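The block underneath contains the structure these notes are about, expressed in structure tokens.
The values are calculated or read from the model by the stated rules, or taken from the named source; none is laboratory data. A quick note: this is a predicted structure, and the numbers were derived from the prediction, not measured. No Cβ is skipped: glycine too gets one built from the backbone with ideal geometry, and neighbour counts run over all protein chains shown.
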Amino acid sequence: MIEESGNKRKTMAEKRQLFIEMRAQNFDVIRLSTYRTACKLRFVQKRCNLHLVDIWNMIEAFRDNGLNTLDHTTEISVSRLETVISSVYYQLNKRLPSTHQISVEQSISLLLNFMIAAYDSEGRGKLTVFSVKAMLATMCGGKMLDKLRYVFSQMSDSNGLMIFSKFDQFLKEVLKLPTAVFEGPSFGYTEHSVRTCFPQQKKIMLNMFLDTMMADPPPQCLVWLPLMHRLAHVENVFHPVECSYCRCESMMGFRYRCQQCHNYQLCQNCFWRGHASGPHSNQHQMKEHSSWKSPAKKLSHAISKSLGCVPTREPPHPVFPEQPEKPLDLANIVPPRPLANMNDTMVSHLSSGVPTPTKRLQYSQDIPSHLADEHALIASYVARLQHCARVLDSPSRLDEEHRLIARYAARLAAEAGNVTQIMALEEEEEKEETRPPTDLSFNFDANKQQRQLIAELENKNREILQEIQRLRLEHEQASQPTPEKAQQNPTLLAELRLLRQRKDELEQRMSALQESRRELMVQLEGLMKLLKEEEQKQAAQATGSPHTSPTHGGGRPMPMPVRSASAGSTPTHCPQDPLSGVGGDMQEAFAQAEEGAEEEEKKMQSGKERG
């Protein structure tokens with residue numbers, strides 16, 4: 001009995017650990033609710049290591065666990081949610097160098113307990129798929145633009161129009177995050193939240209959605225979301241300016257400048273807590289700065305602005321096509337990986353309905369099976385190319401060929417070092433597809449060259465996999481030194497130093513491989529767009545209609561942001577221009593330059609007196 005009560009207390013302590021640590025940070029002393037909410041959610045994001053996972057890795061985890069095939073209203077159990085979170089963190093540790101590995105078990109426990117507390121307050125043990133997607137997409141790292149694009153894709157129909165009922169459901173789910181950190185009175189969900197964001201009689205497309213969500217100021221109920229991203233960007237920004245209240249010689253993070261008091265500046269801690277000194281008052285309007293410029297740069301900018309040499313501001317985001325792209329159906333080429341391969345215990349639990357403990361995912365690279373799968377895919381691709389001329393009359397040839405190319409390119413993109421070879425192969429395939437029927441007699445030579453190129457790619461793949469395996473073995477050997485033997489033999493000390501140096505070089509090389517993989521994915525995305533355009537061109541030629549390039553809704557004017565890259569107004573005050581025209585900017589810059597000159601003169605005089 002005593003043992004059971006002790007286990008219960010331990011379980012409750014684990015569930016409340018994140019909230020106890022958050023209270024210890026004393027965020028409640030921040031007087032502005034917007035900053036208070038953003039700081040709390042940023043703390044949760046960093047404590048759960050979600051800032052290391054971008055939105056693309058999160059989408060990949062959703063697909064690996066089959067969430068993309070489920071309806072938004074489908075409920076999943078806590079054990080399956082734990083599987084999704086586990087896959088996120090195990091894949092994260094694979095991408096991180098060995099010196100920056102995270103504690104996977106602790107991260108899973110913290111995030112799982114936070115999500116249950118936020119989205120399962122009734123203790124039903126189930127969460128909807130949309131709740132999981134909305135929470136993880138909001139709290140993960142990455143650009144806010146990419147997050148909003150993914151969120152819009154979950155709320156729009158096939159024509160690219162936003163469904164208001166789904167946006168209302170999104171607000172319900174995402175506003176549970178401020179409520180979970182005890183900021184529900186300021187940013188809780190209300191029935192009028194949707195109306196404050198968009199008028200319901202309008203048709204909301206992607207660009208209008210992005211304009212509204214990334215405007216300055218954003219919708220009131222979501223004003224904490226862009227602030228949380230700005231907090232992440234300025235955490236390591238240094239300002240060589242003295243705080244007028246705490247007299248700290250420099251600042252980190254945001255810097256706030258009073259628009260009424262001359263040269264009165266506060267660090268973020270003093271401003272958030274409402275500190276003031278001298279003639280300054282908390283009622284004065286403050287300007288938020290996320291970077292620092294020297295007086296000389298301010299003077300040159302003011303002169304350029306007065307002469308009209310300052311370039312116009314770029315729009316906050318690029319203009320995207322209004323019509324959504326239709327995804328390629330690749331199911332007839334390579335079937336999706338069954339979920340049972342990832343977690344047999346979870347599938348048996350879902351099928352039987354009996355609650356059993358969920359096993360942790362064990363991730364390992366099975367190189368022989370991977371090569372066999374790769375070679376089988378290449379063989380099917382070569383066979384399809386060999387029979388290209390015989391199936392020319394089939395109306396579905398182009399669709400199948402494009403699907404096969406897409407699947408093959410996606411599989412090759414999983415390897416880190418094949419950028420040049422893959423792009424060369426794709427260019428050859430595009431040339432092969434766009435040839436007129438009169439050139440099909442030369443297909444034999446082209447197919448022979450492509451088979452040779454594929455064989456070279458196979459050999460390159462094997463070499464890369466062997467190199468990766470060798471690098472991992474060297475990593476393991478370098479991370480397990482023998483200090484007892486090193487103390488006995490001085491030569492072992494020198495070898496140990498060389499091993500550590502080699503380990504650092506290998507980590508840099510692994511980082512370069514990861515970076516090349518990301519660049520490869522970007523290039524493949526552009527290649528897929530070219531393939532789609534070629535498909536449209538072939539279809540237009542087949543029907544006899546003239547080819548017209550698709551027009552995008554890029555003609556409408558884009559709203560200009562109020563907040564610049566280095567300064568912005570606080571969300572609690574109404575924005576207004578503190579300076580009357582260009583002359584004010586130049587006067588302020590000249591005044592700061594004169595102050596710097598006076599300080600230099602004082603230093604020179606004091607040096608003379610000492611001499």
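Observations on the structure shown:
- Of all residues in segment 135-169, those being of a type in the set (D, E) and touching a residue at least 40 places away in the same chain (Cβ under 8 Å) number 1.
- Residues in segment 182-208 that are in contact (Cβ under 8 Å) with a residue 24 or more places away in the chain, assigned to a helix (DSSP H, G or I) and more than 28 Å from the chain's Cα centre (by Cα): there are none.
- Some residue of segment 34-52 being on the phi > 0 side of the Ramachandran plot and out of contact with any helix residue (DSSP H, G or I) (no Cβ under 7 Å at 6 or more places or on another chain): no
- Restricting attention to segment 118-159 and to residues that are in contact with a Lys or Arg (Cβ under 6 Å, 6 or more places away or on another chain) and small (G, A, S), the residue that is nearest to I59 (Cα to Cα) turns out to be A137.
- Of all the numbered requirements in (1) surrounded by 16 or more Cβ atoms within 10 Å (Cβ to Cβ); (2) modelled with pLDDT under 90, N207 misses one, and that requirement is (2).
- Cβ pairs under 6 Å, 6+ apart, first in segment 15-33 and on the phi < 0 side of the Ramachandran plot, second in a loop (DSSP other than H, G, I, E, B) and of a type in the set (K, R): V29/R273
- Of the residues I108, I102, the single one that is over 17 Å from S131 (Cα atoms), hydrophobic (A, V, I, L, M, F, W, C) and part of a loop (DSSP other than H, G, I, E, B) is I102.
Each row is one residue, and each column tells you yes or no for (1) in a loop (DSSP other than H, G, I, E, B); (2) buried (at least 17 other Cβ atoms within 10 Å of the Cβ); (3) among the basic types (K, R); (4) out of contact with any strand residue (DSSP E or B) (no Cβ under 9 Å at 6 or more places or on another chain).
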position: N236; (1), (2), (3), (4): yes, no, no, no
position: S244; (1), (2), (3), (4): yes, yes, no, no
position: E249; (1), (2), (3), (4): yes, no, no, yes
position: R257; (1), (2), (3), (4): no, yes, yes, no
position: L266; (1), (2), (3), (4): no, yes, no, no
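- Set side by side, the residues R518, R563, R497 differ, and just one is in a helix (DSSP H, G or I), within 29 Å of V234 (Cα to Cα), of a type in the set (K, R) and at pLDDT below 85, which is R518.
- The set of residues in segment 210-230 being within 16 Å of S290 (Cβ to Cβ), surrounded by fewer than 20 Cβ atoms within 10 Å (Cβ to Cβ) and in contact with a helix residue (DSSP H, G or I) (Cβ under 6 Å, 6 or more places away or on another chain) consists of H229 alone.
- All positions within segment 132-167 that are closer than 19 Å to E75 by Cβ and charged (D, E, K, R): K133, K166
- Options L513, L506, L471; residue that is surrounded by 11 or more Cβ atoms within 10 Å (Cβ to Cβ), in contact with a Gly (Cβ under 8 Å, 6 or more places away or on another chain), at pLDDT 85 or above and under 23 Å from H100 (Cα atoms): L513
- Residue check for K305: among the basic types (K, R) and at pLDDT 90 or above: no
- Just so you know, in segment 1-47 the residues that are assigned to a helix (DSSP H, G or I) and in contact with a Cys (Cβ under 9 Å, 6 or more places away or on another chain) include one that is modelled with the lowest pLDDT, and it is L18.
- In segment 173-204, the residue that is surrounded by the fewest Cβ atoms within 10 Å (Cβ to Cβ) out of those that are within 21 Å of L145 (Cα to Cα) and among the hydrophobic types (A, V, I, L, M, F, W, C) is F198.
- Considered as a group, the residues in segment 115-172 that are within 23 Å of the chain's Cα centre (by Cα) and in a loop (DSSP other than H, G, I, E, B) include one that is surrounded by the fewest Cβ atoms within 10 Å (Cβ to Cβ), and that residue is K143.
- Count of residues meeting criterion [farther than 16 Å from L177 by Cα and touching a residue at least 40 places away in the same chain (Cβ under 8 Å)] in segment 110-128: 2
- Taking first residues from segment 455-472 that are closer than 18 Å to S516 by Cα and partners that are assigned to a helix (DSSP H, G or I), the Cβ contacts under 6 Å between residues at least 6 apart in sequence or on separate chains come to L457/Q421; L465/I367; L471/L506.
- Failed item, numbered, when K529 is tested on (1) basic (K, R); (2) exposed (fewer than 12 other Cβ atoms within 10 Å of the Cβ); (3) touching a Lys or Arg at 6+ places or on another chain (Cβ under 9 Å): (3)
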